[in-house]
């Protein structure tokens, strides 16, 4: 193994085993970091001239999954005592602790895109940085559509049209989210045989939530777009035919009701008049009978 990786691996191991920096010292070191990074105005100029915030919300960090680990658990090249104003900080290597996830990500379409210089998400884009929460928590699942939808806009919109998407928007989490179908770290394009959403894998993927799923069940189009005639002509025609039928039915019966309304009002008035005349006749007959008695 490369000697440069031994130190971070050893540090991570000691931290996880509770043999690294004692909690009291970690807290002191964190306070040293927050003395500067607790300032909401702290920022720097990025490589493209954009201002990048260096503020760390202490409450978010302490409430995160890494809250008990301390700043140096991730920023191993930073010495709080020596300080680092103006000195660049090395990117955090999440694979120091999350080696399985890092290996899976390295085999994904996202990692491949980044290696080719194309924009694609990394750990921070999906999980965040200082406020990371458990990925299986309800809070994370509710936010997943926004996280993935930041790049996959069209897929996010078409997902929202499905049963799964509508249930998610209502706030429920017991339904299929993006990573339930596509996977979390080893995401592959659908054409790849190893992809969880490849046609050959769909029965197994859907079967995780739908026991008994078969080849007919997975004919369902997960991201069908009824506005795209070129890709989904049958869906496009069916949607607009049903929409036209629905509009015509409402227009027809709306006009029918409006035309019928005057007649209904006239009939109602005639019925009331007949009832009033009948009641008046009965009263007249009652008075005649009283006179004869």
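Just so you know, all these numbers are worked out from the coordinates, no wet-lab data involved. None of these values were measured; they are calculated from a predicted model. Using ideal geometry, Cβ is built from the backbone for each residue, glycine included, and neighbour counts are taken over all protein chains shown.
Protection proxy ranking for 261-269, 88-96, using the average of other Cβ atoms within 10 Å per residue and placing the highest first: 88-96, 261-269. Working note: Cα atoms of region 63-166, range along each principal axis, descending, whole Å: 54, 35, 28.
The Cα-based radius of gyration of region 109-184, divided by its Kirkwood radius, gives an Rg/Rh of 0.98. May I ask for the Rg/Rh ratio of region 29-118, computed from Cα atoms with Rh as the Kirkwood radius, given to two decimals? The Rg/Rh ratio comes out at 1.01.
Placing one equal scatterer on every Cα of region 143-187 and applying the Debye formula, the log10 ratio I(q)/I(0) at q = 0.30 Å⁻¹ is -1.25. The convex hull around the C-alpha trace of region 168-233, projected and averaged over every direction, spans 5.7 square nanometres. Normalised by 2.2 N^0.38 Å, with N the number of residues, the alpha-carbon radius of gyration of region 182-287 equals 2.38.
Take each peptide in 227-236, 44-53, count the other Cβ atoms within 10 Å of every residue, and average; sorted highest first, the result is 227-236, 44-53. Highest mean packing first, where packing is the average number of other Cβ atoms within 10 Å per residue, the peptides 166-176, 127-137, 240-250 line up as 127-137, 166-176, 240-250. Taking the inverse of the mean 1/r over every pair of distinct Cα atoms in region 102-241 gives a Kirkwood hydrodynamic radius of 16.5 Å.
Computed on the Cα trace of region 228-274, the radius of gyration divided by the Kirkwood hydrodynamic radius gives Rg/Rh = 1.47.
If you model region 94-148 as an ellipsoid using its alpha carbon gyration tensor, with each semi-axis the square root of five times an eigenvalue, the axes come out at 21, 14, 10 Å, biggest first.
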